[in-house]
Amino acid sequence: MDNALTILGLNHHTAPVAVRERLAFGDNEVIPALTRLKREAGSVAEAALISTCNRVEVIPVPSDAARAGDEVVRFIGSDRGLEPERFKSTLYH
């Protein structure tokens, strides 16, 4: 296990408000989303999710760092119903 923290996210400097609104998680959505992320992204051993009006960040602890970033991007897109191509360029890692 790599056990290296990484941050994958977007904020008011990198993404327009329309994208941030589509990808935001409400308070009651965070724990269920983390449960789904861990189940669906096999390379994510643990994770934290921060979602505010100005940013969405996933902080995974990957078991496979080479795959984790792509899996997190696919998860966010699938979970929020937005094709990754529509927001991938706004992400920082």
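The values are calculated or read from the model by the stated rules, or taken from the named source; none is laboratory data. Computed from a predicted model, the values in this text were never measured in an experiment. When we count neighbours, we look across all protein chains shown, and the Cβ atoms used for this are built from the backbone with ideal geometry, even at glycine. For the accessible areas, the whole protein counts, side chains as well, though only heavy atoms, and no ligand, DNA or RNA atoms are used. Shrake-Rupley method; radii C 1.70, N 1.55, O 1.52, S 1.80 Å.
List of remarks:
- Qualifying positions in the stretch 78-93 - open to solvent by 40 Å² or more (accessible area, probe 1.4 Å) and without any contact (Cβ under 8 Å) to a residue 40 or more places away in the chain: S78, E83, E85, K88, S89
- The set of residues from the stretch 1-30 being among the hydroxyl-bearing types (S, T, Y) and either exposed (fewer than 11 other Cβ atoms within 10 Å of the Cβ) or at pLDDT below 95 (or both) comprises just one member, T6.
- Selection count where residues are of a type in the set (D, E, K, R) and open to solvent by less than 30 Å² (accessible area, probe 1.4 Å), scope the stretch 55-72: 2
- Tabulated pairs, the stretch 48-77, first in contact (Cβ under 8 Å) with a residue 40 or more places away in the chain, second acidic (D, E) and open to solvent by 50 Å² or more (accessible area, probe 1.4 Å), C-beta under 6 angstrom, 6+ apart or interchain: V61/E46; P62/D2; A65/D2
- Pairs, first in contact (Cβ under 8 Å) with a residue 60 or more places away in the chain and closer than 18 Å to N54 by Cα in the stretch 22-39, second open to solvent by less than 60 Å² (accessible area, probe 1.4 Å) and in a helix (DSSP H, G or I), C-beta under 7 Å, six or more apart: R22/R80; L23/I76; L23/R80
- Filter result (in contact with a strand residue (DSSP E or B) (Cβ under 8 Å, 6 or more places away or on another chain) and either closer than 13 Å to V72 by Cα or part of a loop (DSSP other than H, G, I, E, B) (or both)) within the stretch 11-25: H12, T14, L23, A24, F25
- In the stretch 31-54, the residues that are crowded, with 18+ Cβ neighbours inside 10 Å and assigned to a strand (DSSP E or B): V44, A47, L49, S51
- Residues (of a type in the set (G, A, S), at pLDDT 95 or above and closer than 21 Å to E83 by Cα) located in the stretch 47-73: S51
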